[in-house]
Structure formats: structure tokens, C-alpha cells
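Colleague: Structure provided below as C-alpha cells; questions to follow.
The values are calculated or read from the model by the stated rules, or taken from the named source; none is laboratory data. All of these numbers come straight from a predicted model, not from anything done at the bench. Methodologically, a virtual Cβ is constructed for each residue, glycine included, from the backbone with ideal geometry; neighbour enumeration extends over all protein chains shown. Note: areas computed on protein heavy atoms with side chains; ligands, DNA, RNA excluded. Shrake-Rupley method; radii C 1.70, N 1.55, O 1.52, S 1.80 Å.
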Amino acid sequence: MQQRLTEAIGRIAEFRDVTPGEIAWEPLSGMTNVTCLVRFRGVELVVRFPGEGTERFIDRGAEVTNSRSAHLAGLTNEITLFDPADSVLISAMAPNARPHTAASRHDPSILLAVTGLLKRTHQELAFANDFNPFGLLATFNSMAHEAGHRCSADLAKAAAAIAKLRPVLESPAVARVACHNDPVPENFLETEGGLLLIDWEYSGRNDPAWDLASLCLEWDLTAGQELEVLAAYASDDEPFRWRVTTYRPVADLVWSVWAIVQTTRGRSEFAEYGEARLNRCLQAISSPEFNLSVRELRTWYGA
């Protein structure tokens, strides 16, 4: 890894003479890519190598364009280098930056700040590309099938239920706006200059309810905290809350199948993660609240 990092950093003109012996590095958390924090000559950079197969479902050009727009708006750190040849991305590391964890949900002020940052994304940015959860799910299903995975009865049940939601959630009456689409706690950095949102690889135009549903899931919020988040977001779109509820099992199914793809590549550590998300999806689609949300949305959108 030392040599690989040295080669990547050497693509930056002012650091072409950096040697492996000068570099200190540590791995950063991440489920899709290989990301490292690198220190040398008083400089701190984050180097991201794309994960295997990510070219199937991530538009790296859009990622960079959207990230640069977010940086100009003061929402994220600055990209130092992007090499389209192999999608290596190097970005500046904010001094004394600290990523959040799910435990941060216990601080109401943090949840308020996180929700506000997502709302700024939705209101202040404009993206040219789309993020479609159902299209992403289809891609992951194809990748799992190509790798020889057999669909379980539970997975088939969940997929059938989620497929029926597509006409409702893709109603043309729902505005698509700039969304981050992956608001896991670790993508929110507490810095000296304030909160930043990093890792824009899934970013694109989407229903903002997806971001709020994902926030509730990834931060493991209680029902009370979810209500606080929705109140903080302060949407005047009446069916917005119903869409948030309905997107929750969609998100769980998407990332459950993503985990299956990872396990077919020998990453057995994701097996339990994927099973847990599938089980939560199955529980959600059987709940009275979910069924009520679907009925309400069909009333609103006529789907």
C-alpha cells in the first residue's frame, strides 16, 4: 500500500518527488472503496481507490462534478486530484476532522446540524445526473446473479413487495433535487470550520425523502428522533413523511443485495450485515405504518 499511495500522490505536480519513506498512512472506514489518510511533509490528504466493480453502478465523473459543486457551496472538502484513467481521487483533509458515528444520534444538536446539511444540499445544489434506487437495485441483482447467487425465498418476497412501490415513488408529481444519497454517520465530518458532508459517489437527483429515510436507518434513530428530524427538515410537502416511511424498506433491500454482491467476492464480513438489512426490510413491509403510508401515497399520486 505504501508504494501504491506514493504513486497516487506523485500524480500531483508539487509532490512528484515524494518517496515511500516519507509517507505515514492509516486506513479510513469505508464499505465500497479503499480509502487512506496520508501524512507527509506536514500535509494531510485522503486518497481513495475505487472498489472492485464500482464502475458498474457509480458515475465517477458525476461524483467529481457534484463534489466540486458541494465544495463551492461550503458543504464538503476540496478535491485535490481526480484521475479519470483509474478514478483515483485525492482530497484535502480538514484539520482535526472527526467523523461521526451512530452514537452521535444521542446529541440532538448533531441531528439538527446533519438534517440542516442535507436540506442545504437539496436546496442549494443542482446536479445533472440521476440516482434511481430501483435502477441501482436492478444492477445489484444482476451482479449477484452473474456471480451465481441464488435468490432466497425471503429475498424474493421482499423484492416483489418493493417492486410494487415503484409506480408510487416514481410519480412525476415528486420533484427530484440534488441529493447525497448515502448519509451514513461516517460521511459527516466535524471540523474546526463546521460540519462537512463527504463521499459524493452516489450523489445525483433523487427524491429528498430517500436522504431522510436513509438518515433514519443509517443513524439507527428512534421513532421520536425521526419525528424530530422531520420537524427540523420542515418540509411543507404533506406526503413527504409517507415517502420517507415507504423508502425505508427500499433502502434496506438495495443495500442488502449490495452486501450479497460483496459476499460473492469473498467479503464474508458483509453476510451478517446484508441479512440484518433484509430482515428489517421484511419487518417493515409487514408493518401497519408501512401499509398506511402506501395507501396514503396512492391517494396522493393515483398510482
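Colleague: Determine, from the Cβ-Cβ distance of Glu55 and Thr222 and an R0 of 41 Å, the FRET efficiency 1/(1 + (r/R0)^6), rounded to the nearest 0.05.
Modeller: Details: r = 38 Å, r/R0 = 0.93.
Computed FRET efficiency for Glu55 and Thr222: 0.60.
Colleague: Multiply the residue gap between Ala173 and Cys151 by 0.36 nm, knock off their C-alpha separation, and tell me the result in nm, one decimal place.
Modeller: 4.6 nm
Colleague: Which log10 I(q)/I(0) values, to two decimals, does the range 8-157 give at q = 0.13 Å⁻¹ under the Debye formula with one point per Cα?
Modeller: Summing over Cα pairs of the range 8-157 leads to -0.82.
Colleague: Within the range 170-273, report the trypsin sites (Lys or Arg not before Pro) that DSSP leaves as loop and that have at most 10 other Cβ atoms within 10 Å. All intermediate terms of the calculation are to be shown ahead of the outcome.
Modeller: Values: sites: Arg176, Arg205, Arg241, Arg243, Arg265, Arg267; in loops: Arg176, Arg265, Arg267.
Filter output for the range 170-273: empty list.
Colleague: Tell me, what is the percent relative contact order of the chain, built from C-alpha pairs under 8 Å that lie six or more residues apart?
Modeller: Values: 448 pairs, mean separation 53.3, N = 303.
With pairs under 8 Å counted, the relative contact order is 18 percent.
Colleague: Whole angstrom only: what separates the Cα centroid of the range 266-300 from the Cα centroid of the range 71-104?
Modeller: 31
Colleague: Would you mind working out the magnitude of the charge dipole of the chain relative to its Cα centre, with +1 at each Lys and Arg C-beta and -1 at each Asp and Glu C-beta, to the nearest 20 Debye?
Modeller: Dipole of the chain, to the nearest 20 debye: 660 debye.
Colleague: Which angle between 0 and 90 degrees, to the nearest 10, do you get for helix 288-301 versus the longest principal axis of the chain when only C-alpha atoms count?
Modeller: With both axes taken from Cα atoms, the answer is about 90 degrees.
Colleague: So what are the three principal axis dimensions of the chain from its Cα atoms, in whole Å, longest to shortest?
Modeller: That gives 63, 44, 35 Å along the principal axes, largest extent first.
Colleague: Also, I was wondering about something else. Let me know the Rg and Dmax you get for the range 84-124 when you use only its Cα atoms, in Å.
Modeller: Here Rg and the maximum Cα pair distance are 14.6, 43 Å.
Colleague: Could I ask something else about it? Percent of accessible area on the range 1-138 owned by carbon and sulfur, 1.4 Å probe?
Modeller: That fraction is 54 percent.
Colleague: In degrees between 0 and 90, to the nearest 10, how far off the longest principal axis of the chain does helix 223-233 point, with axes built from Cα atoms?
Modeller: So the inclination is approximately 70 degrees.
Colleague: Taking every pair of distinct Cα atoms and averaging 1/r, then inverting, what Kirkwood hydrodynamic radius in Å comes out for the range 191-284?
Modeller: Values: mean 1/r = 0.0673 Å⁻¹.
Result for the range 191-284, one decimal place: 14.9 Å.
Colleague: Same structure, new question: I'd like the GluC sites (Glu not before Pro) in the range 187-240 restricted to DSSP loop residues with at most 11 other Cβ atoms within 10 Å, sorted by number.
Modeller: Hits after loop and neighbour filter: Glu192.
Colleague: Between 0 and 90 degrees, rounded to the nearest ten: what's the tilt of helix 271-285 against the longest Cα principal axis of the chain?
Modeller: 30
Colleague: In the range 212-269, which chymotrypsin sites (Phe, Trp or Tyr not before Pro) are in a loop and have at most 14 other Cβ atoms within 10 Å, using DSSP for the loop call?
Modeller: Counting only loop positions with at most 14 other Cβ atoms within 10 Å, none of the chymotrypsin sites (Phe, Trp or Tyr not before Pro) in the range 212-269 qualifies.
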